[in-house]
Structures are given as structure tokens and as C-alpha cells.
1. Based on Cα coordinates alone, diagonalise the gyration tensor for the chain, multiply each eigenvalue by 5, take square roots, and list the semi-axes in whole Å, largest first.
2. Net charge near V51: determine it from the other residues with C-beta under 14 Å of the C-beta of V51, scoring Lys and Arg +1 and Asp and Glu -1.
3. Angle, helix 14-25 long axis vs. longest principal axis of the chain, Cα atoms, 0 to 90°, nearest 10?
4. Treat each spin label as a single point 7 Å out from the Cα along the C-beta direction, and report the E41 to M67 distance in nm.
5. Using a 10 angstrom Cβ neighbour count of at most 11 plus a DSSP loop assignment to flag exposed GluC sites (Glu not before Pro), which longest range of the chain is free of such sites?
6. For the chain, state which trypsin sites (Lys or Arg not before Pro) are in a DSSP loop and have at most 13 other beta carbons lying within 10 Å of their beta carbon.
Amino acid sequence: MNSRILIGVRGMTKEAGDKIARLLEDTEGIKKAIPDEGQIEVHYDASLLTVMDILRVVRSQGFLAGML
């Protein structure tokens, strides 16, 4: 099941957004991650991942993140 979420990421620069997008896209079940200033749009397969799984990837890079 394809889903889309928008995650707010406090203090995320363009460089950090690009890095997080690459990490997310390397995660099984994530089809696409599109960073923007302070947020990232994630397209994923909800049958493989939960929103918390995605947030954990972002938070593992030291950022505060939550759904918008």
C-alpha cells in the first residue's frame, strides 16, 4: 500500500536533507524522499514500514522530527 507523509525536521540544512533523503531511500519500503528546507516528503509502502520506522531513521541522524 503506497502512502505519503510530510515530516518536519528541526534545523535540517539542505546538505543534511540530501543525506537523510539518501538514507531513507536506502531503507526497504521507501520509494522516494524529497527534502526541502525544514521538512522531507516521504513516499513509502505502508505494508512494510510504519511512520515511526521512518521517524527513527531521521532521528538517528540527531534531528528532532515529527509528522506535519
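1. Square roots of five times the eigenvalues give 18, 11, 10 Å.
2. 0
3. Helix 14-25 and the main axis of the chain meet at about 20 degrees.
4. So the label points at E41 and M67 sit 1.8 nm apart.
5. The longest uninterrupted stretch comes out as 38-68.
6. R10
Quick note: the coordinates plus some simple rules give every number you see, no bench work behind them. Predicted model, so just to flag it, every value in this text is computed and none were measured. So basically every Cβ, Gly included, is an ideal-geometry build from the backbone, and we count neighbours across all protein chains shown.
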